[in-house]
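Note sheet for the following structure.
Coordinate-derived values only; no laboratory data. Since we're looking at a predicted model, the values are computed, not measured. Cβ placement follows ideal geometry from the backbone for every residue including glycine, while neighbour counts extend to all protein chains displayed.
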Ligand SMILES: C[S@@+](CC[C@H](N)C(=O)[O-])C[C@H]1O[C@@H](n2cnc3c(N)ncnc32)[C@H](O)[C@@H]1O
C-alpha cells in the first residue's frame, strides 16, 4: 500500500525479495571473496530499497535515533583509524579487547566501544570480549587508500559541518566567498586563513589529503584520456606535440598535486614526452611530487612551485589542465584562476586550451553529489553545471568549446579557448 510519501511498501518489498534472490543465485556460483566485488549495481539497489523500507516502516523516533548512532559510529571509526587500531585486528582471527588496549596504550574501557562497522562476530570461538574485522572494517586499515579518504571525510566534512551553527551565526546566512573565513577554516579553529594554509599547519592531515588525490577509488581518480572510453579525448595533443619542440611546454598541470594526472596523460597520450609536461603546485607539495614522479620514471617532467592565483609563468602551452581545482573556489576566485591561464594561452595556436576536469553539479543531484557540493562549500567553493561554467569561463575571457559528460559519471571535462581579441 502506498504511504503518504507515495512510497509503495508492498512493491518495494517484492522487488527487494526478487533482487535478494538474484544476488543469492550469483553468490552461490562464486567463491565468497569473488562474490563480494560482483553485481555492484544489484547490491546497491538492494541496499537502497532496504533503507527506504526501514525509513518508511521503523518507529519514527528510531529513525531519528539512527542518525545519532551514525554520529557515534563515525567518531568511533575515526579514532580507531587515528590510533591505527584496525591495523591491530588480525584479518582472519580476533584480538581480545585487553590485548588491543595494551597495544594501543589505551585504557581498556576505551576500545570496548568498537566502531559499529566492526561488531564482534557472534561465531567467534574466542573468549569474550574480543574484536574481529567486519566485511567493511579492513577498508579502515592504514595501508588501505580508503582510510585516508575517511580521514578527509571527517576533516573536510564532519568537522566543519559540526560548526555550521556557530559559523553562520558569526558570518551570516550566505555562502562563503573565501579565501579565508570558510567553514573549513572556522571548523579547524583558524577562521581567517584559506583552507590550504590551514592544512599546512597540520602536515599529517595534509599528507592524508594528498594521498586521497592519488586514490583511484575517488570520483575522477582513474581516467582514460584517449580513445572512445575517454571523457575528453586528448589524442590530438600527442599528434601536435610531435610537431613541437621537444623542450616546449605542451601540457601544464596546474595544481597537479603529486602528478597523478600527468602520469595518466603520459600513459595514454602517444607522442607526448615527459619533458613536454609541467607540473605546478604549492611549495610544500612540490618535493613530494618530484620524488613521486621519479619513482614512476618520469623525472623529466618539469616540476615547479607556482601559486595559481598569480601570473602563469609558463606562457604558450598547448593545454593547461585544472583538475579538481575550481570546485574549491567561489566564482570570483575561480574566474581569477582561469584569467591567469587565459592570459598565458598562445595567440598563434587557435586550438590551445584550458581543460577543467572535476565533479559537476548533476541535473538531479544524487545524495553523494549533494554531499560533495556541501563539502566544496566548506572550502569556499561549489560544484557547477554547464551554465555556471559558461559564466565563469566567459568572465575570464574564455569560451567553452566542449562540455563532456558520461552517463553514470559525475565528472565533467570543460574545454575552453581564448575569445578572439580578448587581452
Ligand atoms: C584537490 S587537489 C587536486 C590535485 C590534482 N589536480 C588532482 O586532480 O589530483 C588541489 C591541488 O591544488 C593545490 N593547490 C592549492 N592551492 C594552490 C595554489 N594557490 N597554487 C597552486 N596549487 C595549489 C593543492 O596543493 C593540491 O595539490
Along Cα→Cβ, 7 Å out, is where each label goes; now give me the distance between the ones at residue 40 and residue 11 in nm to one decimal. 2.8
Relative to the longest principal axis of the C-alpha atoms of the chain, give the angle of the C-alpha long axis of helix 386-395, reported between 0 and 90° and rounded to the nearest 10°. 40
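Given a cut-off of under 8 Å on Cα pairs at least six residues apart, what relative contact order in percent is computed for the range 41-200?
It comes to 16 percent, rounded to a whole number.
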Which value does Rg/Rh take for the range 273-377 over its C-alpha atoms, Rh per Kirkwood? 1.02
For the range 375-423, place one equal point scatterer on every Cα, skip the solvent, and apply the Debye formula. What is log10 of I(q)/I(0) at q = 0.14, 0.26, 0.28 Å⁻¹? -0.43, -1.00, -1.05
Using label points projected 7 Å from each Cα along Cα→Cβ, tell me how many nm separate residue 348 and residue 143, to one decimal. 5.3
Quote to one decimal, in nm, the extra length available between residue 102 and residue 295 on full extension: 0.36 nm per residue of separation minus the C-alpha distance between them. 65.7 nm
If all Cα-Cα distances of the range 157-261 are sorted into 5 Å bins from 0 onward, what percent lands in each bin, rounded to whole numbers? 2, 10, 13, 15, 14, 12, 11, 10, 7, 4, 2, 0
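Would you mind calculating the relative contact order of the chain from Cα pairs under 8 angstrom and at least 6 residues apart, reporting the percent as a whole number? Show your work: numbers first, answer last.
Details: 663 pairs, mean separation 44.1, N = 423.
Over the chain, the number comes to 10 percent.
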For the chain the translational diffusion coefficient, Stokes-Einstein from a Kirkwood Rh over Cα pairs at 25 °C and viscosity 0.890 mPa s, in µm²/s, is roughly 101
In Å³ per residue, the alpha-carbon convex hull of the range 1-88 encloses 127
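Sorted from fewest to most neighbouring beta carbons within 10 Å, what does the list 343, 368, 359 look like?
Numbers: 343 15, 368 12, 359 21.
Least crowded to most crowded, the residues run 368, 343, 359.
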0 to 90° range, to nearest 10: angle between helix 40-57 axis and the chain longest Cα axis: 60
DSSP-defined beta bridges in the chain - what % are antiparallel, rounded to 5: 50
Nearest 10 degrees is fine. How inclined is helix 9-28 to the longest principal axis of the chain, computing both from alpha carbons? 80
Run the quick spin-label model on residue 66 and residue 245: label points 7 Å from Cα toward the beta carbon, then report their separation in nm to one decimal. 6.3
Please order 88, 135 by the number of other Cβ within 10 Å, starting at the fewest. 135, 88
Would you calculate, for the chain, the mean residue ellipticity at 222 nm contributed by helices, counting each DSSP H stretch of 4 or more residues as -39,500 (n - 2.57) and dividing by all residues, to the nearest 500? -13000 deg cm²/dmol
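Relative contact order for the range 286-378: what is it in percent, counting Cα pairs under 8 Å that are at least 6 residues apart?
Relative contact order for the range 286-378 comes out at 29 percent.
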So what is log10(I(q)/I(0)) for the range 356-400 at q = 0.28 1/Å, when the Debye sum runs over its Cα atoms only? -1.02
